[in-house]
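A.B. asks: Here you go, one structure.
The values are calculated or read from the model by the stated rules, or taken from the named source; none is laboratory data. Quantities reported herein were computed from a predicted structural model and do not represent experimental measurements. Here the Cβ positions follow ideal geometry from the backbone for every residue, glycine too, while neighbour counts run over all protein chains shown. Please note that ligands, DNA and RNA were not included when accessible areas were found on the heavy atoms of the full protein model with its side chains. Shrake-Rupley method; radii C 1.70, N 1.55, O 1.52, S 1.80 Å.
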Amino acid sequence: MGKVTFIEHDQTEHVAEFKAGSSVMQIAVDSAIPGIDGDCGGECACGTCHVIVTNEWFSKTGTPGNEEEQMLSMTPERASTSRLGCQVVLTDEMDGMTVHLPEFQM
Amino acid sequence: MGNEPHPPYQRPPLSKNYLTGDVDQESLYLKPRSVYENAGHQLRLGVRVEQIDRDSSTISLSDQSRLQYDRLVLATGSHLRHLNAPGADLNGIHYLHDIADSEVLREQLVAGKRLVVVGGGYIGLEVAASANKKGVNVTVLEAAERLMQRVTGPEISAFFYDKHRGAGVDVRLNTAVTGFEEGDQGHVAGVTLADGGTVPADIVLVSIGVIPETALAKGAGLPCDNGIIVDEFTRTEDPAILAIGDCTRHRNLFFEKMQRLESVANAVDQARTAAATLMGEEKPYDSVPWFWSNQYDVRLQMVGLSQNHDQRVVRGSPEDKGFAVFYLREGCVIAVDAVNLPLAFLVGKTLVQQRRTINPELLEDPDTELKSLVNGRLQS
Ligand SMILES: Cc1cc2nc3c(=O)[nH]c(=O)nc-3n(C[C@H](O)[C@H](O)[C@H](O)COP(=O)(O)OP(=O)(O)OC[C@H]3O[C@@H](n4cnc5c(N)ncnc54)[C@H](O)[C@@H]3O)c2cc1C
Ligand code: FES
């Protein structure tokens, strides 16, 4: 078990617990965190699960793959540490991670 | 209220990674049960709504109980189109619509067995790809002259034809099925064809489309015509009753016509509109339809409706890692189908939404950056 903190655009904080192997999108949806829709169920097809990983954690989550990169390149609030939450599979190493949510999803 | 024993779930994986056994059942659920409980929502599963009585604002349920409503939302989805042909009820003939179907089919997909898929639409093809991955010998029979004809253009159809053939799937176009041959103990042994031939089979999947589930609405006297008729606020003729998703034919503001769609995006967006309507906000449904399908290592993403196009522009080629087809009507981009090219899909989504007229040469030209097309500078 680990924890991830989600910070909404208006700075509201939410903490979600996870078991290694689930995705950031999945735990956000499971914890009813507003601002992550996950419309396609994690198929990297909709772009409604954008999160901005805090700098210090970005090396743990890794960089986006080619298709994810293309999806991210069209998100209006793209940051250098942006990821699609459904493509970030949580490991025990990510316990304590903080991610920010954009104001709008795609 | 749900007829099935499961909490609401994603159906797309049923023909993809749930069928191949790569994800478990819980990962299909839209939300875990605890989210409903914590929100104070009651899930009543495994119960069928039998009838709506609009005079008394009650619904009657299969467990003999009744429930009163102030507002009612129908999200009854669709049911399978069945093939009426001699032998259609033999053992080993499958359909795929829900978790139970996917699990039964998955058990049958054993390496070396022969699966015949009747219908070359996207679900049949996804199953073909999943079964092929498991080492099953697959034949796809399609009556039309190309695959996925209802939803896509000839370039994409041809690409998937080559993809499946290349993977070893025997795809036969212009091939109409007339019935099924019986083998031992009432089990199917083959599929008979209009040209007199037979394709031997251990397992058959019939995948020939769905029909909107309108029985409840019809029974309550609500107007239905290839779907429950709703307006752009998801309201039926009765202001107390809304309807969303596969079961509806809605007034589509974007296309300025009545439209029925079978997609997750449509179900989700109509649900958002319905929620707004219930809360007294007016948030008309005006989304551009979009859709995806995964087969092998190929991701197809589609946006818009391509049926009425008068011009097609192909960007890249099927030999490239990714390519896309833009569908234009009177110079305006009305739809895009992107193969392993999410950027073209997303750019296309904006172009379609904004009804943009784009010089076809720019769409085609590899030196024109796709992203630059949405900024307006390159408009013709
Ligand atoms: C195998 C498969 C693969 C798919 N792949 C994709 C894909 O890749 N991308 C995509 O966008 N779409 C895909 N779809 C389509 C997508 O799943 C549907 O468009 C979507 O599920 C529609 O949602 P819905 O809520 O309208 O209806 P449904 O998901 O069909 O849900 C309706 C529910 O209502 C229940 N019900 C009906 N009548 C009653 C009653 N009287 N009482 C109680 N309960 C009732 C049904 O049992 C059902 O559980 C796929 C569908 C299938 C079957
Ligand atoms: S959930 Fe759709 S892209 Fe992540």
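A.B. asks: Hey, among the residues in the stretch B:122-135 that are away from chain A (no Cβ under 14 Å), farther than 16 Å from residue B:107 by Cβ and within 10 Å of ligand 1 (Cβ to nearest atom), which one's farthest from the chain's Cα centre (by Cα)?
C.D. replies: Residue satisfying both the conditions and the ranking: B:124.
A.B. asks: Something else: So which of B:175, B:192, B:198 ends up being modelled with pLDDT of 95 or more, touching a Leu at 6+ places or on another chain (Cβ under 7 Å) and either more than 16 Å from ligand 2 (Cβ to nearest atom) or small (Gly, Ala, Ser) (or both)?
C.D. replies: Residue meeting the stated conditions: B:175.
A.B. asks: Shifting gears a bit: When the stretch A:1-55 is examined, which residues are found to be within 16 Å of ligand 1 (Cβ to nearest atom) and polar (S, T, N, Q)?
C.D. replies: A:48
A.B. asks: Looking at the stretch A:24-35, which of its residues are at pLDDT below 95 and over 18 Å from residue B:33 (Cα atoms)?
C.D. replies: Residue satisfying the conditions is A:35 alone.
A.B. asks: Now a separate question. So, in the stretch A:34-82, how many residues would count as being outside any loop (DSSP other than H, G, I, E, B) and of a type in the set (D, E, K, R)?
C.D. replies: 5
A.B. asks: I would also like to ask the following. Anything in the stretch A:35-67 that is open to solvent by 30 Å² or more (accessible area, probe 1.4 Å), free of Cβ contacts under 8 Å to residues at least 40 places away in the same chain and more than 12 Å from chain B (Cβ to nearest Cβ)? List them, or say none.
C.D. replies: Hits for the stretch A:35-67 are A:55, A:56, A:58, A:59, A:60, A:63.
A.B. asks: Need the failing condition index for residue A:27 against (1) within 30 Å of residue B:300 (Cα to Cα); (2) open to solvent by 30 Å² or more (accessible area, probe 1.4 Å); (3) touching a strand residue (DSSP E or B) at 6+ places or on another chain (Cβ under 9 Å); (4) within 14 Å of chain B (Cβ to nearest Cβ), just the number.
C.D. replies: (2)
A.B. asks: To continue, here is another question. Out of A:13, A:67, A:103, I need the residue that is at pLDDT 95 or above, within 29 Å of residue B:271 (Cβ to Cβ) and either charged (D, E, K, R) or within 14 Å of ligand 2 (Cβ to nearest atom) (or both). Which one?
C.D. replies: A:13
A.B. asks: Would you check if there is a residue in the stretch B:328-343 being closer than 19 Å to residue B:366 by Cα and in contact with a Cys (Cβ under 9 Å, 6 or more places away or on another chain)?
C.D. replies: Scanning the stretch B:328-343, I find at least one residue that is closer than 19 Å to residue B:366 by Cα and in contact with a Cys (Cβ under 9 Å, 6 or more places away or on another chain), so the answer is yes.
A.B. asks: Right, something else. Only one of these conditions is not met by residue A:70: (1) over 21 Å from residue B:23 (Cβ atoms); (2) more than 9 Å from chain B (Cβ to nearest Cβ); (3) more than 13 Å from the chain's Cα centre (by Cα). Which number is it?
C.D. replies: Condition not satisfied by residue A:70: (2).
A.B. asks: Next up: Can you say whether residue A:89 is more than 16 Å from ligand 1 (Cβ to nearest atom) and more than 9 Å from chain B (Cβ to nearest Cβ), as far as the supplied structure shows?
C.D. replies: yes
Okay, residues lined up against (1) modelled with pLDDT of 95 or more; (2) open to solvent by 60 Å² or more (accessible area, probe 1.4 Å); (3) not hydroxyl-bearing (Ser, Thr, Tyr):
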| position | (1), (2), (3) |
| --- | --- |
| B:19 | yes, no, yes |
| B:26 | no, yes, yes |
| B:34 | no, no, no |
| B:50 | yes, yes, yes |
| B:60 | yes, no, no |
| B:67 | yes, yes, yes |
| B:94 | yes, no, yes |
| B:106 | yes, yes, yes |
